[in-house]
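Beneath this line is the structure, given in structure tokens, with notes to follow.
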Amino acid sequence: MENKRVANLVLVELPRKTSYFVGAKNLDRSGGTVCIVYDDGSYEQRPMDNGMDAEFDFGQEGPALVKLKYGGQETLFQVQVQQPQVRRFVVKKPPAKTRYLAGEKLDLTGLVLFAEYETGEKEPWPNLPEVNYTVKDGDAVYPLTISGITIPIYIKVSPAKLVGIRMGKLPDKTEYLERAEAFDPSGGTIIQAFDSGAEKEISLTMNSVRGFSNLVTGEQTLTVQVGPMTTTFQVMIRPKQATRLQVISS
């Protein structure tokens with residue numbers, strides 16, 4: 001008696017697993033069912049098994065077709081291929097610089113991270129984000145965030161020492177009338193320089209200025225003092241001039 005030949009292969013039920021990660025090499029057929037139709041009109045329903053050849057390529061993200069073959073016939077079904085998500089990052093090697101003075105820029109040079117994926121795989125993470133952060137006194141952890149995941153970068157920050165000051169902006173008013181106007185620091189600023197290389201601009205205050213006197217006309221050098229540091233700037237004292245003459249009595 002001649003053996004029956006497969007005339008058609010019909011998909012009845014998809015496998016339970018229809019989502020794969022990029023690069024997956026194996027197809028999970030569990031739960032899948034096909035109907036095998038023979039040339040004599042008979043048919044049978046069978047679960048997908050390893051006796052049925054399958055062709056697929058899960059090399060890139062997006063929808064992918066699976067071609068199932070049996071007895072010279074084939075049927076197709078679609079699955080979704082996606083990049084595995086990073087579950088967490090592991091610091092394999094901390095940055096070369098972990099000690100700072102307040103006011104220095106954070107430097108992540110030397111930091112080596114590994115990404116742990118939901119598949120359980122671990123791979124080096126080459127693309128570190130650019131960080132523009134100035135450390136502050138008391139900082140102990142910088143929260144580096146990649147793809148919504150925070151990685152604590154541990155640092156130690158010491159206070160920076162003031163090593164000098166200079167004038168930033170001169171006060172709005174630098175000319176005064178003799179014996180008439182008091183000094184006004186409004187608009188003036190001081191630049192503080194620290195041993196960390198950082199600079200900080202602060203407002204000029206009345207209490208920080210020494211040497212102003214409106215009793216003597218001419219250019220006058222004022223001294224600004226912040227802690228032990230000093231700097232100077234000039235103002236001009238203009239003599240008062242009569243604007244009109246008035247006869248009091250004749």
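The values are calculated or read from the model by the stated rules, or taken from the named source; none is laboratory data. Bear in mind the structure is a predicted one, so any value in this text is a computation, not a measurement. Cβ placement follows ideal geometry from the backbone for every residue including glycine, while neighbour counts extend to all protein chains displayed. For accessibility, only protein heavy atoms count, side chains too; no ligands or nucleic acids. Shrake-Rupley method; radii C 1.70, N 1.55, O 1.52, S 1.80 Å.
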> What number goes with the only condition from (1) open to solvent by 90 Å² or more (accessible area, probe 1.4 Å); (2) without any contact (Cβ under 8 Å) to a residue 12 or more places away in the chain; (3) under 40 Å from the mean Cα position of the chain (by Cα) that Asn207 does not pass?
Replying inline: (3)
> Could you list, in sequence order, the residues of the stretch 170-180 that are loosely packed, with under 14 Cβ neighbours inside 10 Å, part of a loop (DSSP other than H, G, I, E, B) and not small (Gly, Ala, Ser)?
Replying inline: Asp172, Arg179
> Given (1) touching a residue at least 40 places away in the same chain (Cβ under 8 Å); (2) surrounded by 14 or more Cβ atoms within 10 Å (Cβ to Cβ), where does Arg88 come up short, assuming only one miss?
Replying inline: (2)
> Quick check: anything in the stretch 150-159 of a type in the set (Val, Ile, Thr), surrounded by 13 or more Cβ atoms within 10 Å (Cβ to Cβ), part of a strand (DSSP E or B) and in contact (Cβ under 8 Å) with a residue 60 or more places away in the chain?
Replying inline: yes
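Let's see how each residue does on (1) touching a residue at least 60 places away in the same chain (Cβ under 8 Å); (2) part of a loop (DSSP other than H, G, I, E, B); (3) open to solvent by less than 60 Å² (accessible area, probe 1.4 Å):
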site	(1), (2), (3)
Leu9	yes, no, yes
Ala24	no, yes, yes
Gly31	no, yes, yes
Asp40	no, yes, no
Asp49	no, yes, yes
Gly59	no, yes, yes
>> Just to verify a result, which residue in the stretch 122-144, among those that are touching a residue at least 12 places away in the same chain (Cβ under 8 Å) and outside any loop (DSSP other than H, G, I, E, B), is surrounded by the most Cβ atoms within 10 Å (Cβ to Cβ)?
In response: Leu144
